[in-house]
Amino acid sequence: MSEKEKEILEKIAENLPYMDDEDKVILAEKADSMAYMNRKWKRKVELETSGNVAT
């Protein structure tokens, strides 16, 4: 995990107790979406570096 990611998680942890349930759900959905895109991007890079091109 990068330093920037650690900083973001620390800020979220500080503010989490003050968030209402709707904000927590939105935050979880956004994190899930970002994780999905990160996995998709990593897979694309792996395929491109191995000589295959992902579409």
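The values are calculated or read from the model by the stated rules, or taken from the named source; none is laboratory data. Because the structure is predicted, anything quoted here is derived from the model rather than measured. Neighbour counts are summed over all protein chains in view; Cβ atoms, including those assigned to glycine, are modelled from backbone coordinates with ideal geometry. We work out accessible area using only protein heavy atoms, side chains counted, and drop any ligands, DNA or RNA first. Shrake-Rupley method; radii C 1.70, N 1.55, O 1.52, S 1.80 Å.
Look at the stretch 43-55 and say how many of its residues are surrounded by 10 or more Cβ atoms within 10 Å (Cβ to Cβ) and in a helix (DSSP H, G or I).
6
If I ask for residues that are more than 15 Å from the chain's Cα centre (by Cα), among the charged types (D, E, K, R) and open to solvent by 100 Å² or more (accessible area, probe 1.4 Å), which ones from the stretch 12-42 would you list?
Across the stretch 12-42, the qualifying residues are Glu14, Asp21, Glu22.
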